[in-house]
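Asker: Here you go, one structure.
The values are calculated or read from the model by the stated rules, or taken from the named source; none is laboratory data. Small disclaimer: the values here were computed from a predicted structure and weren't measured. Glycine gets a Cβ as well: all are built from the backbone with ideal geometry, and neighbour counts include every protein chain shown.
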Ligand code: DGL
């Protein structure tokens with residue numbers, strides 16, 4: 001089978017990396033919407049339209065499943081697309097295609113509960129409050145998806161989101177490490193000030209931030225564990241495939257990298273993360 005991995009840019013490669021390790025036999029097509037990156041400061045309707053166009057490009061190229069490796073697209077567009085577009089599009093295409101996101105697996109990992117867990121008992125006594133810090137784009141923070149979905153399931157987890165301004169754009173543009181370090185330190189300080197102490201756990205809730213996870217790691221106290229979104233997502237997709245035998249991962253192992261932006265090599269930050277030069281073809 002062919003699995004499409006979609007992001008506004010290079011950030012989703014952090015999820016792609018984890019997926020390829022777990023499901024090596026599948027073919028993967030990575031699509032970066034670099035003509036329209038970043039998504040994090042865009043209006044909801046634009047994010048929905050761009051995400052839909054990206055999914056269509058991947059399905060028309062033969063993908064069976066698309067993973068939205070972008071918190072912003074998943075937070076703002078996924079439910080809308082699943083409810084209002086996908087059923088008719090499937091009929092038009094005549095194939096059982098699907099779109100999955102990265103927020104559900106991340107929330108499952110952060111709460112330790114399956115997505116289908118019944119709503120929590122609101123009268124429960126809370127002995128210890130676990131403070132979870134989430135670094136994300138402004139659009140993901142404004143959606144409040146992590147706050148709402150975690151609060152439905154766990155009364156003892158308090159979520160504080162930190163919108164990290166232009167950080168995804170700066171990573172995409174290959175900004176100098178010193179500049180990124182200063183920005184990350186500023187966001188960690190701002191979140192710590194708002195909570196009144198460092199978070200007990202943290203999530204890099206924008207796939208671009210995983211590329212510079214070492215800078216977040218250095219800015220956060222050593223005792224603050226990070227919930228690893230790419231691993232949580234890859235494990236969830238692997239379980240999804242096991243439950244859906246109609247999707248056979250196969251043994252092709254083909255890897256394609258496409259961009260709506262300028263084809264060619266990518267920046268040094270992502271190539272260091274990836275461990276080799278990366279070449280993107282025109283989408
Ligand atoms: N990498 C994306 C995310 O996970 C989007 C970043 C952006 O385009 O602003 O949110």
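Asker: Can you confirm whether residue 208 is surrounded by 14 or more Cβ atoms within 10 Å (Cβ to Cβ), part of a helix (DSSP H, G or I), at pLDDT 95 or above and within 12 Å of the ligand (Cβ to nearest atom)?
Answerer: Criteria met by residue 208.
Asker: If we keep just the residues of the range 29-47 that are within 17 Å of residue 260 (Cα to Cα) and either in a strand (DSSP E or B) or free of Cβ contacts under 8 Å to residues at least 40 places away in the same chain (or both), which is nearest to the ligand (Cβ to nearest atom)?
Answerer: The residue in question is 32.
Asker: Next question, about the same structure. For the range 3-22, what are the residues that are surrounded by fewer than 20 Cβ atoms within 10 Å (Cβ to Cβ) and either in contact with a strand residue (DSSP E or B) (Cβ under 9 Å, 6 or more places away or on another chain) or in a loop (DSSP other than H, G, I, E, B) (or both)?
Answerer: 20
Asker: Would you confirm whether or not the range 9-17 contains a residue that is more than 13 Å from the ligand (Cβ to nearest atom) and under 14 Å from residue 273 (Cβ atoms)?
Answerer: yes
Asker: Looking for something part of a helix (DSSP H, G or I), away from the ligand (no atom under 16 Å from the Cβ) and over 23 Å from residue 31 (Cβ atoms) - is there at least one such residue anywhere in the range 224-235?
Answerer: For the range 224-235, residues part of a helix (DSSP H, G or I), away from the ligand (no atom under 16 Å from the Cβ) and over 23 Å from residue 31 (Cβ atoms): absent.
Asker: Can you tell me which residue among 197, 189 is modelled with pLDDT of 95 or more, surrounded by fewer than 21 Cβ atoms within 10 Å (Cβ to Cβ) and assigned to a loop (DSSP other than H, G, I, E, B)?
Answerer: 197
Asker: Also, I was wondering about something else. Being part of a helix (DSSP H, G or I) and buried (at least 22 other Cβ atoms within 10 Å of the Cβ) is the filter here, so list the residues in the range 160-183 that pass it.
Answerer: 167, 168, 171, 172
Asker: Yes or no: residue 133 within 18 Å of the chain's Cα centre (by Cα), at pLDDT 90 or above and more than 30 Å from residue 55 (Cβ to Cβ)?
Answerer: Spelling it out, residue 133 is indeed within 18 Å of the chain's Cα centre (by Cα), at pLDDT 90 or above and more than 30 Å from residue 55 (Cβ to Cβ).
Asker: Filtering the range 75-104 down to residues that are surrounded by 13 or more Cβ atoms within 10 Å (Cβ to Cβ) and in contact (Cβ under 8 Å) with a residue 40 or more places away in the chain, which residue is nearest to the chain's Cα centre (by Cα)?
Answerer: 102
Asker: Suppose the filter is within 16 Å of the ligand (Cβ to nearest atom) and either touching a helix residue (DSSP H, G or I) at 6+ places or on another chain (Cβ under 6 Å) or modelled with pLDDT of 95 or more (or both); does residue 53 pass it?
Answerer: yes
Asker: Residues that are within 15 Å of the ligand (Cβ to nearest atom), part of a loop (DSSP other than H, G, I, E, B) and closer than 20 Å to residue 33 by Cα: does the range 71-93 have at least one?
Answerer: No, the conditions are met nowhere in the range 71-93.
Asker: While we're on this one: Test residue 104 against the stated conditions and say whether it is within 20 Å of residue 6 (Cα to Cα), touching a strand residue (DSSP E or B) at 6+ places or on another chain (Cβ under 6 Å) and within 16 Å of the ligand (Cβ to nearest atom).
Answerer: Criteria not met by residue 104.
Asker: Going by the conditions given, is residue 120 out of contact with any strand residue (DSSP E or B) (no Cβ under 7 Å at 6 or more places or on another chain), assigned to a loop (DSSP other than H, G, I, E, B) and surrounded by 15 or more Cβ atoms within 10 Å (Cβ to Cβ)?
Answerer: So residue 120 passes the test.
Asker: Name the residues in the range 65-77 that are over 12 Å from residue 8 (Cα atoms) and out of contact with any strand residue (DSSP E or B) (no Cβ under 6 Å at 6 or more places or on another chain), would you?
Answerer: Answer for the range 65-77, where residues must be over 12 Å from residue 8 (Cα atoms) and out of contact with any strand residue (DSSP E or B) (no Cβ under 6 Å at 6 or more places or on another chain): 75, 76, 77.
Asker: So, residue 99, is that one touching a helix residue (DSSP H, G or I) at 6+ places or on another chain (Cβ under 8 Å) and away from the ligand (no atom under 15 Å from the Cβ) or not?
Answerer: yes
Asker: Sort out which residues of the range 1-53 are more than 17 Å from residue 210 (Cβ to Cβ) and under 15 Å from the mean Cα position of the chain (by Cα), and write them in order of number.
Answerer: 4, 31, 33, 47, 51
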